[in-house]
Amino acid sequence: MSLSGYALHDEGRKHEVSLGRFGSLQPGQQLAIVTGDTAAAAEGRVVWKRQNVWNNDGDITNLIAPDGSFTVTGC
């Protein structure tokens, strides 16, 4: 599945990223998107930015699909 057209942002849209830059996912594959000055890329894990985005208990993630539908998840 191509991630093109999908976007992810935190609560209040302080930080937003287009997921297309991370490519595609195979069936059953998972992708962890990490942030922070010590974040490290690995298999199934990509670094979004070197700034803390997911840094508080109760942070909210918004995943926006190409059709405009969205999913909200706590981090």
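The values are calculated or read from the model by the stated rules, or taken from the named source; none is laboratory data. This one's a predicted model, so the numbers in the text were calculated from it and none came from an experiment. Glycine also receives a Cβ, built like all others from the backbone with ideal geometry; neighbour counts cover every protein chain displayed.
Tally the residues that are among the hydrophobic types (A, V, I, L, M, F, W, C) and more than 17 Å from Leu3 (Cβ to Cβ), restricting the search to the range 28-75.
8
Pairs, please: C-beta under 7 Å, at least 6 apart or cross-chain, first residue farther than 19 Å from Phe70 by Cα and modelled with pLDDT under 95 and in the range 11-30, second in a loop (DSSP other than H, G, I, E, B) and of a type in the set (A, V, I, L, M)?
Gly23/Leu3
Considering each residue of the range 58-72, count those that are of a type in the set (D, E, K, R) and within 15 Å of the chain's Cα centre (by Cα), and give that number. Before the answer, list the steps.
Within the range 58-72, the first condition is being of a type in the set (D, E, K, R), and the residues that meet it are 59, 67.
Pick out the ones that are also within 15 Å of the chain's Cα centre (by Cα) and you get 59.
Of the residues in the range 58-72, 1 are of a type in the set (D, E, K, R) and within 15 Å of the chain's Cα centre (by Cα).
Kindly list the number of the only condition in (1) modelled with pLDDT of 90 or more; (2) touching a helix residue (DSSP H, G or I) at 6+ places or on another chain (Cβ under 8 Å); (3) of a type in the set (A, V, I, L, M, F, W, C) that fails for Ile60.
(1)
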